[in-house]
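Worksheet: the structure to be examined is printed underneath.
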Amino acid sequence: MGNKIDAFSEEQLEEYQACTFLTRKNILRAERIFRQLGGGKLPEVVDRQCAARFTVPYTALDALTELKENPFRRRVCEVFSGERSASLTFDEFLEMFSVFSEAAPRDIKATYAFKVYDFDGDGFLGEEDLQQCVRHLTHDLLTPDEYSTIVAKVLEEADVDCDGRLSQSEFTHVILKSPEFVSNFHIRI
């Protein structure tokens, strides 16, 4: 495989390739990154139990070069964390890179973007969720009136059923019209 130590069996690698949008090379690179983030505590051979159990804390993930500039980095990790703690197992880490890969379909990216922006987890993007999104994007530098104006404009443009919040389908409809969405919702591994 090119590694000094084969972290995965051939069967595991094929399984990861089949259930992600990643190449073999991407999977092995993700394993090396995860191993570094784990501070050398990850066993040399990563079996299925270890991949689903061993976690890297958010404090280590926060320093990850691929996430460092993302204002939503903690929220991204929370969405992919099974326990919503922002700590990730290897399987969750790989799923995150898969969704953010160039090969992931736009609709999958839109689904996960919605989850990232749905801060309260109610299945809708309400005024509070949208305000938190804008705060993250602007590094909390606007006035309360400016936040309210932006949120009102977003709802005016995207809230098709006029219920004061965006559903997954309303969000997807708007976000997929943006040509920059796919290129911005991306992490190169």
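The values are calculated or read from the model by the stated rules, or taken from the named source; none is laboratory data. Predicted model only: the values in this text are computed from it and were never measured. Cβ coordinates were reconstructed from backbone atoms using ideal geometry, including for glycine residues, and neighbour counts include every protein chain displayed. Protein only, heavy atoms only, side chains kept; ligands, DNA and RNA dropped before computing areas. Shrake-Rupley method; radii C 1.70, N 1.55, O 1.52, S 1.80 Å.
See the values below:
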quantity	calculated
Output for segment 136-182, where each listed residue is open to solvent by less than 60 Å² (accessible area, probe 1.4 Å), in a loop (DSSP other than H, G, I, E, B) and within 25 Å of Lys109 (Cα to Cα)	Asp159, Gly164, Ser167, Leu176, Ser178
Qualifying residue in segment 100-122 (condition: of a type in the set (A, V, I, L, M), open to solvent by 20 Å² or more (accessible area, probe 1.4 Å) and outside any helix (DSSP H, G or I))	yes
Neighbours by Cβ (under 6 Å, 6+ apart or cross-chain): first from segment 149-173, closer than 17 Å to Phe119 by Cβ; second polar (S, T, N, Q)	Val151/Gln131
Members of segment 9-68 found to be more than 12 Å from Leu88 (Cα to Cα), crowded, with 19+ Cβ neighbours inside 10 Å and among the small types (Gly, Ala, Ser), listed by number	Ala30
Subset of segment 38-58 (residues that are out of contact with any Pro (no Cβ under 9 Å at 6 or more places or on another chain), more than 15 Å from Phe80 (Cα to Cα) and outside any loop (DSSP other than H, G, I, E, B))	Arg48, Gln49
Among the residues listed as Ala152, Ala158, Ala110, the single one being hydrophobic (A, V, I, L, M, F, W, C), closer than 28 Å to Asp62 by Cα and modelled with pLDDT of 95 or more	Ala110
Pair list, Cβ < 6 Å and 6+ apart or interchain, from segment 23-52 residues that are free of Cβ contacts under 8 Å to residues at least 60 places away in the same chain and farther than 18 Å from Ser9 by Cβ to residues that are part of a helix (DSSP H, G or I) and open to solvent by less than 60 Å² (accessible area, probe 1.4 Å)	Leu37/Ala60
Selection within segment 69-85 - in a loop (DSSP other than H, G, I, E, B) and surrounded by 20 or more Cβ atoms within 10 Å (Cβ to Cβ)	none
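Matching residues to (1) at pLDDT 85 or above; (2) closer than 26 Å to Phe185 by Cβ:
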{"site": "Lys4", "(1), (2)": "no, no"}
{"site": "Phe21", "(1), (2)": "yes, yes"}
{"site": "Ala30", "(1), (2)": "yes, yes"}
{"site": "Phe54", "(1), (2)": "yes, no"}
{"site": "Leu61", "(1), (2)": "yes, yes"}
{"site": "Arg74", "(1), (2)": "yes, yes"}
{"site": "Ser85", "(1), (2)": "yes, yes"}
